[in-house]
1. Having 1 or more residues that are free of Cβ contacts under 8 Å to residues at least 12 places away in the same chain and among the hydrophobic types (A, V, I, L, M, F, W, C) is the bar; report the strands (runs of 3 or more DSSP E) wholly within the range B:131-174 that clear it.
2. Out of the residues in the range B:162-179 that are within 11 Å of chain A (Cβ to nearest Cβ) and not hydrophobic (A, V, I, L, M, F, W, C), which is surrounded by the fewest Cβ atoms within 10 Å (Cβ to Cβ)?
3. For A:Ala42, indicate whether it is under 16 Å from the mean Cα position of the chain (by Cα) and part of a helix (DSSP H, G or I).
4. Suppose we filter the range B:189-214 for residues that are within 12 Å of chain A (Cβ to nearest Cβ) and either farther than 18 Å from B:Val157 by Cβ or in a loop (DSSP other than H, G, I, E, B) (or both); how many remain?
5. Please enumerate the residues belonging to the range B:9-51 that are β-branched (Val, Ile, Thr) and touching a helix residue (DSSP H, G or I) at 6+ places or on another chain (Cβ under 7 Å).
6. Kindly indicate whether any position in the range B:29-42 is under 18 Å from the mean Cα position of the chain (by Cα), at pLDDT 85 or above and more than 30 Å from A:Val143 (Cα to Cα).
7. Looking at (1) over 30 Å from A:Val143 (Cβ atoms); (2) of a type outside the set (Phe, Trp, Tyr); (3) touching a residue at least 24 places away in the same chain (Cβ under 8 Å); (4) not in a loop (DSSP other than H, G, I, E, B), find the lone condition where B:Leu19 falls short.
Amino acid sequence: MSRSPGRKQENHKISRELFVLTYGALVAQLCKDYEKDEDVNACLDRMGHSIGIRLIDDFLARSAVRKCRSYSETADVIAQVAFKMYLGVTPSVSCSSATGNEFSLILDKNPLVDFVEELPAERASLCYCNLLCGVIRGALEMVHLAAEVSFLQDRLKGDAVTEIGITFLRKPEDRKNRK
Amino acid sequence: MAIFSVYVVNKAGGLIYQLDHYAPRADTEKTFSFPLDLVLRPHDERVVVAFGQRDGIRVGHAVLAINGAEVNGRFTADGKDVLEFLANPANYPVSIRFGRHRLSSNEKLMLASMFHSLFAIGSQLSPEVGSSGIEMLETDTFKLHCFQTLTGIKFMVLADPRQTGIDALLRKIYEIYSDFALKNPFYSLEMPIRCELFDQNLKLALEVAEKAGPFGPGS
């Protein structure tokens, strides 16, 4: 079962509903297991992290992107190539700081929350899609870019759009062991 | 076989996977009478042929077995020194098996780490900033191709110098790694790869690459 670089998705179609339902079940179970929203968020972030550290090689192997030379290039690749490849949506990117290391991805469509209307009252500070933050953080870590990723705005909490903020923590100086 | 081996090295320089794809070379076993017309000498932990190449026994071949019993480095199975044994006319006629010594797994680990360091040196020696490391190492009998991913894993393929399509093969091996090693939830990152599916698919990819090359398998 060899896959060509332009991977044909029709070979392995799994229902999107199944994926969304699985994610929903995961969050629901975590809510039962943990009382505090922060714990659920942290758990989702950890899970996302362990997905991200493995997903990055799959992404690099299939998309064959070249090494990014700047933070803005990296943010563009995440939004336009990675999100498109894995979730089928393309968020828009904006740079939100003068220092050039803070970026926002604005998602107008988020497939994970297709069937979620709003958060229950007792779970007001739950970040439903925190898994995505963990995935991005883990993936960036594996290509030696430390970053903090979090939800700045969330439609589920009543904001207008869903916004993921990526803050790159360290400037890449000339490292000895280059990629 | 046109593709000889595949090595996968992790970020720290440790060998996490190794596959030898060439057919085992034929060993030569012959019966000799005193005096031995081959010149033997000790080399590392083995006794090798230094001179007197003939009949399939080549310079560099190691003594693998004497009278059917495998030698243990420089000593025979019963603990005698091989060179002393062969210098004694009373032990003749004797049947000796010669063959090419294959690298042990410890030697492979060491060589992989060494290559990892050389790779880093290669990129530092470059006059240009941001150069890649060693991508190809060429000798008269094989070419070593190396591909380093952005995450720091190195895939090395040793192939016949005339074999083409190794770049595509390296990318394919990367895909196979990201599929069958990384997506296996029980595989820990940076650890030796012990996944059956990875082995199988890798061998399949090697066969495809060999068939697509300019010539078929040959030794």
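The values are calculated or read from the model by the stated rules, or taken from the named source; none is laboratory data. Just so it is clear, the structure is predicted and the values come from calculations on it, not from any experiment. Every residue, glycine among them, receives a Cβ derived from its backbone with ideal geometry; neighbour counts consider all protein chains shown.
1. Output list reads B:136-138.
2. Applying the filter and picking the extreme gives B:Arg171.
3. Yes; evaluated as a whole, the condition is true for this residue.
4. 3
5. Of everything in the range B:9-51, those that are β-branched (Val, Ile, Thr) and touching a helix residue (DSSP H, G or I) at 6+ places or on another chain (Cβ under 7 Å) turn out to be B:Val9, B:Val47.
6. So far as the range B:29-42 goes, no, none of its residues is under 18 Å from the mean Cα position of the chain (by Cα), at pLDDT 85 or above and more than 30 Å from A:Val143 (Cα to Cα).
7. Here B:Leu19 meets the rest and fails (1).
Let's see how each residue does on (1) within 14 Å of another protein chain (Cβ to nearest Cβ); (2) at pLDDT 90 or above; (3) not in a loop (DSSP other than H, G, I, E, B):
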residue	(1), (2), (3)
A:Glu118	no, no, no
A:Val149	no, yes, yes
A:Gly165	no, yes, yes
A:Pro172	yes, no, no
A:Lys179	yes, no, no
